[in-house]
Amino acid sequence: MHYRELLLFLFKKLEHERSVNAVFHLLKGKKSAQTLQDAYLFQIENFYGIDRKLKKPTFDVYVRELTENRLVRVENDQAIVTEQGNQILRGRNFQSYYQIKGHKYHQIDREFKQGLILLIQTVSMLIHGENKFIPIVDQPYIQSRVREVLRDYSMQFDMIAEQLYGELHTALSTIDEHLATVLLKQCSGYARVGMSEQQIAVEENRNKEDLHLQTVAAIHNILDTITEQTEQYTLLTKLILKKTNRLTVSAQETFDFYQAGHTLEEIALIRQLKISTIQDHFVEIATHKKVFNIYSFISKQHLDEIQEAIQNTSTRKLKPIKEQLREEIDYFHIRLAIANMNDDKE
């Protein structure tokens with residue numbers, strides 16, 4: 001699992017459609033209507049927000065390396081994958097990347113990991129009689145969550161340790177062994193100091209970003225397992241913090257007006273925004289909200305025709321789909337139909 005190959009894959013997905021920086025915004029999890037819609041439009045939502053600490057200079061170094069190695073060329077601020085780059089993509093199995101589910105877990109994965117390693121450290125220290133130690137995680141809300149978990153078990157540390165070991169062992173047994181090892185190396189405990197991703201990268205002669213991808217994959221796999229079988233993972237489930245609203249602030253305001261009975265045109269007038277901006281909001285709403293009625297904006301016949309065009313063209317790119325459709329079906333209808341295909345709604 002290499003960061004460079006992931007970037008190459010994402011540039012290919014956005015080829016001729018978006019700028020180089022669109023990939024940067026995707027990985028950072030930029031909460032803008034454009035980035036959120038692009039993630040689903042180009043079927044790269046798995047990678048949304050998976051590297052929130054990514055720095056622009058680091059990203060630029062990777063782009064420069066890809067360019068110098070003639071894997072991509074940058075034209076008009078767009079990354080075009082070369083034939084040499086396409087050969088690498090054809091020779092790689094990207095299935096492993098799909099263990100990552102950024103769209104589903106980007107709001108909770110980092111906090112879950114921090115809660116997990118803090119709980120492991122705390123329980124390990126306490127069962128060895130070490131009541132005073134420096135927490136490996138200093139965020140107050142994570143510390144508070146771990147304290148709540150301990151109180152839920154009446155501070156019976158031996159019982160917590162046994163259950164934590166059992167649940168974690170079972171969850172880790174379902175994922176790739178190396179991913180499990182990468183995660184466990186970052187855990188601290190009694191007479192043991194966990195390693196950072198940077199330290200593990202040096203030890204394994206890898207890039208730090210590669211190790212970060214492996215950590216994210218490990219956490220997402222664990223989250224998949226415990227959210228699908230919550231009754232078997234009652235302790236680990238307690239570490240999952242509630243998701244925040246996926247909508248941007250502006251889209252949420254539009255949604256509030258819509259639920260109050262206003263039409264698209266009325267909302268644009270009330271909010272003094274362009275019709276196209278409000279349309280962007282409704283595409284975002286259709287992506288994330290189960291209660292949204294798409295038939296307020298598109299007939300079932302038109303929706304069926306768009307879905308058929310998507311199947312025939314084997315793409316979600318707007319222009320090829322539009323060319324297959326009648327003139328009265330516009331780009332807004334197509335974008336709504338694509339957004340409606342998202343199964344992970346709240």
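The rule of thumb for compact globular proteins, 2.2 N^0.38 Å, goes into the C-alpha radius of gyration of the range 249-340 1.10 times. Between Asp344 and Tyr190, the contour length at 0.36 nm per residue exceeds the alpha carbon distance by 51.4 nm. Using a Gaussian network model of the chain in which every pair of alpha carbons under 10 angstrom is joined by a spring, one finds that among Asn207, Asn221, Asn312 the greatest mean-square fluctuation is at Asn312. For the pair the range 213-269 and the range 17-92, the centres of their Cα atoms are 24 angstrom apart.
Counting only helical runs of four or more DSSP H residues, what would the 222 nm mean residue ellipticity of the chain come to if each run contributes -39,500 (n - 2.57) and the total is spread over all its residues?
Details: 19 runs with 206 residues, N = 346.
After summing the helix terms and dividing by residue count, I get -18000 deg cm²/dmol.
Springs between Cα atoms under 10 Å define the GNM used for the chain, and in it the highest mean-square fluctuation of Gly166, Gly115, Gly85 occurs at Gly166. Two decimals is fine: what's Rg over Rh for the range 3-98, C-alpha atoms, Kirkwood radius as Rh? Dividing the radius of gyration by the Kirkwood radius yields 0.93. A straight chain from Arg90 to Ile127 at 0.36 nm per residue would run longer than the Cα-Cα distance by 8.2 nm. Only alpha carbons enter this Debye calculation for the chain, each as an equal point scatterer, and the log10 of I(q)/I(0) it gives at q = 0.06, 0.10, 0.14 Å⁻¹ is -0.27, -0.72, -1.19. Footprinting exposure proxy ranking of Val23, Val149, fewest other C-beta atoms within 10 angstrom first, gives Val149, Val23.
A straight chain from Asp138 to Glu65 at 0.36 nm per residue would run longer than the Cα-Cα distance by 22.7 nm. GNM on the chain, C-alpha springs below 10 Å: top fluctuator among Glu111, Glu148, Glu204? Between Glu111, Glu148, Glu204, it is Glu204 that shows the largest mean-square fluctuation.
Between His262 and Thr237, the modelled label-to-label distance comes to 4.0 nm, taking each label 7 Å out from Cα in the direction of the beta carbon.
Note on Ser314 and Asp152: their simple-model spin labels are 4.7 nm apart, each label 7 Å out from Cα toward Cβ.
Cross-linked pairs Lys242/Lys289; Lys28/Lys55; Lys13/Lys53; Lys113/Lys185; Lys13/Lys317: Cα-Cα separations exceed 19 Å for Lys13/Lys53.
Distance between the 7 Å Cα→Cβ label points at His178 and Glu327: 5.7 nm.
Cβ-Cβ distance of Arg271 and Ser32, R₀ of 22 Å, FRET efficiency by 1/(1 + (r/R0)^6): the value works out to about 0.80. For the range 126-216, the list of trypsin sites (Lys or Arg not before Pro) that fall in a loop by DSSP and count at most 11 other C-beta atoms within 10 angstrom reads Lys132.
Going by how many other beta carbons lie within 10 Å of each one, how would you line up Leu27, Leu150, Leu318, fewest first? If you can, show how the numbers build up before the last one.
Numbers: Leu27 25, Leu150 17, Leu318 14.
Fewest to most other Cβ atoms nearby, the residues stand as Leu318, Leu150, Leu27.
Of all complete DSSP H helices in the chain, not one has a Cα span along the helix axis of 24 Å or greater and a mean Kyte-Doolittle hydropathy of 1.0 or more.
Bear in mind that the values in this text are calculations on the coordinates, not laboratory data. Because the structure is a prediction, the values reported are computed rather than measured. Cβ: placed from backbone, ideal geometry, glycine included. Neighbour counts: every protein chain shown.
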